[in-house]
1. Contour minus end-to-end for SER44 and ALA16, with contour as 0.36 nm per residue of separation and end-to-end as the Cα-Cα distance?
2. Per the Cauchy relation, a quarter of the hull surface: what is the mean projected area of the convex hull of the alpha carbons in the stretch 1-44, in nm²?
3. Quick check: with the 1.4 Å probe, what order do GLU22, GLU40 take by accessible area, largest first?
Amino acid sequence: MAPAGDAYIVALRMLATRELSEVQIRQRLAKRGYDDDEIETAVSRLKTDNSIDDTRVDEGIQRPCGTGTC
(Lines give C-alpha, C1' and ligand atoms only; values in the text may rest on other atoms or scores of the structure.)
Protein backbone atom coordinates (compact mmCIF):
# COMPACT_ATOMS: atom_id res chain seq x y z
CA MET A 1 0.00 0.00 0.00
CA ALA A 2 1.37 3.42 -0.98
CA PRO A 3 1.84 6.01 1.76
CA ALA A 4 -0.65 8.84 1.98
CA GLY A 5 0.63 12.32 1.13
CA ASP A 6 3.79 13.93 -0.12
CA ALA A 7 6.91 12.88 1.84
CA TYR A 8 7.97 16.52 2.25
CA ILE A 9 4.64 17.53 3.80
CA VAL A 10 4.63 14.47 6.06
CA ALA A 11 8.15 15.33 7.24
CA LEU A 12 7.14 18.94 7.93
CA ARG A 13 4.31 17.66 10.10
CA MET A 14 6.80 15.52 12.00
CA LEU A 15 9.01 18.55 12.52
CA ALA A 16 6.10 20.64 13.78
CA THR A 17 6.16 18.77 17.07
CA ARG A 18 9.94 18.53 17.65
CA GLU A 19 13.36 18.87 16.08
CA LEU A 20 14.45 15.72 14.29
CA SER A 21 17.75 14.83 12.67
CA GLU A 22 18.12 13.90 9.03
CA VAL A 23 18.55 10.26 10.02
CA GLN A 24 15.37 10.33 12.11
CA ILE A 25 13.38 11.85 9.24
CA ARG A 26 14.75 9.27 6.80
CA GLN A 27 13.91 6.39 9.16
CA ARG A 28 10.39 7.62 9.86
CA LEU A 29 9.58 8.20 6.20
CA ALA A 30 10.93 4.76 5.27
CA LYS A 31 8.84 3.21 8.03
CA ARG A 32 5.78 4.88 6.51
CA GLY A 33 6.51 3.26 3.15
CA TYR A 34 8.18 6.03 1.14
CA ASP A 35 10.79 4.88 -1.35
CA ASP A 36 14.40 6.09 -1.41
CA ASP A 37 13.82 8.62 -4.19
CA GLU A 38 10.87 10.22 -2.39
CA ILE A 39 12.85 10.38 0.85
CA GLU A 40 15.89 11.89 -0.86
CA THR A 41 13.77 14.55 -2.55
CA ALA A 42 12.02 15.44 0.70
CA VAL A 43 15.24 15.58 2.73
CA SER A 44 16.97 17.69 0.10
CA ARG A 45 14.10 20.16 0.15
CA LEU A 46 14.03 20.21 3.97
CA LYS A 47 17.76 21.01 4.01
CA THR A 48 17.35 23.75 1.39
CA ASP A 49 14.68 25.54 3.41
CA ASN A 50 16.52 24.89 6.72
CA SER A 51 13.69 22.82 8.15
CA ILE A 52 16.24 20.21 9.21
CA ASP A 53 19.64 21.04 10.61
CA ASP A 54 21.62 18.35 12.42
CA THR A 55 23.79 21.00 14.11
CA ARG A 56 20.68 22.58 15.61
CA VAL A 57 19.49 19.15 16.76
CA ASP A 58 22.88 18.44 18.37
CA GLU A 59 22.81 21.77 20.20
CA GLY A 60 19.33 20.98 21.52
CA ILE A 61 20.57 17.66 22.89
CA GLN A 62 23.50 19.32 24.61
CA ARG A 63 21.24 21.93 26.24
CA PRO A 64 18.05 20.09 27.19
CA CYS A 65 16.64 23.07 29.06
CA GLY A 66 16.96 25.30 26.04
CA THR A 67 18.31 28.30 27.88
CA GLY A 68 20.94 26.63 30.04
CA THR A 69 19.35 27.90 33.24
CA CYS A 70 18.27 24.56 34.68
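The values are calculated or read from the model by the stated rules, or taken from the named source; none is laboratory data. These numbers come from a predicted model, not from an experiment. Side chains included, ligands, DNA and RNA excluded: accessible areas come from the protein's heavy atoms. Shrake-Rupley method; radii C 1.70, N 1.55, O 1.52, S 1.80 Å.
1. Numbers: separation 28, 0.36 × 28 = 10.08 nm, distance 1.77 nm.
Using 0.36 nm per residue and subtracting the Cα-Cα distance, I get 8.3 nm.
2. Working: hull surface 11.1 nm².
Convex hull of Cα atoms, orientation-averaged projection: 2.8 nm².
3. Values: GLU22 35, GLU40 90 Å².
Result of the area sort, largest leading: GLU40, GLU22.
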